[in-house]
Amino acid sequence: MERRSLRNQKLVVASHNPGKIREIGELLGPYGVEAVSAGSLGLSEPEETGTTFEANAQLKSEASARGSGLVALADDSGLCVDALNGDPGLHSARWAGPSRDFALAMRNVEEKLQAQGATSPSLRRAHFVSVLSVAWPDGHVENFRGEVYGTLVWPPRGSYGFGYDPMFLPDGHEQTFGEMDPDAKHAISHRAVAFRKLVDALF
Ligand code: IMP
């Protein structure tokens, strides 16, 4: 198979989530890629009808590549909680409601954990998943998956990051993703793991 490269490419970041766009921009920064957001090109977001992170990431990257004629990068990600059978998972954004209220989404997770008596760390295992999908206008697609494992704390701690970061304590660390400065999160996060695979394959 022909090896594709993103070097010196203009890339559309197929997301309308400001937290994700910022993190993807920070990850791409050192590689000299010119990144523009799907929103700034007036591209709408497709419905996430897939049943896997891979399928949803690919729906988004393909729609943006088709709509813009540029190479497009999408992320589909979420928090999977063991005691909740993997929820909120693919529905992580939806749990925050239409106003994207993540204090509410985190309380919702905590209430469900409490209802199960999940008070000790071993019963509060969770992982974040990120699938980065790169789609070219000619229809070629490559996907990269990253995961990071940890436990959920309550109450939430810290105001860095976004989404469920303040309640996620990665294994081997004493600070939640909400307390870590962005560089520390980028060294270990699910998105960073996926991104390293992408860089190995496409730069
Ligand atoms: P989607 O990929 O746009 O469907 O939404 C993913 C959702 O998962 C985000 O809105 C966040 O709620 C959550 N999520 C994904 N990555 C992170 C992260 O790095 N920190 C905290 N929450 C995240």
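The values are calculated or read from the model by the stated rules, or taken from the named source; none is laboratory data. This is a predicted model, so every value here is computed, not measured. FYI the Cβ positions are ideal-geometry reconstructions off the backbone, even for glycines, and counts take in every protein chain you see. Heavy atoms of the whole protein, side chains included, go into the accessibility calculation; ligands, DNA and RNA do not. Shrake-Rupley method; radii C 1.70, N 1.55, O 1.52, S 1.80 Å.
Brief remarks follow.
- In degrees, nearest ten, helix 102-115 long axis to first principal axis of the chain (Cα): 50 degrees
- DSSP-defined antiparallel bridges as percent of all bridges, the chain, nearest 5: 80 percent
- Over 19 Å between alpha carbons, listed pairs Lys60/Lys112; Lys20/Lys112; Lys20/Lys185: Lys60/Lys112; Lys20/Lys112
- Summing +1 for each Lys or Arg and -1 for each Asp or Glu among the other residues whose beta-carbon sits under 14 angstrom from that of Gly158 gives -2.
- Spatially proximal aspartates and glutamates relative to Lys10 (Cα-Cα < 16 Å; intrachain offsets below 8 disregarded): Glu26, Glu34, Glu62, Asp138
- Dipole magnitude of the chain about its Cα centre (Cβ charges: Lys, Arg +1; Asp, Glu -1), debye to nearest 20: 140 debye
- Using a probe radius of 1.4 angstrom, the carbon and sulfur fraction of the accessible surface of the stretch 10-202 is 51%.
- Compactness ratio for the chain: Cα radius of gyration over 2.2 N^0.38 Å (N = residue count) comes to 1.02.
- Rounded tilt (10° steps) of 190-202 against the dominant C-alpha axis of the chain: 20 degrees
- Accessible surface area normalised per residue over the stretch 10-202 is 45 Å², counting heavy atoms of protein chains with a 1.4 Å rolling probe.
- Folded to 0 to 90 degrees: helix 18-28 orientation relative to the chain principal axis, Cα: 60 degrees
- Summary of packing: across the peptides 96-104, 174-182, 195-203, 115-123, the per-residue average of other C-beta atoms within 10 Å ranks them, highest first, as 174-182, 195-203, 96-104, 115-123.
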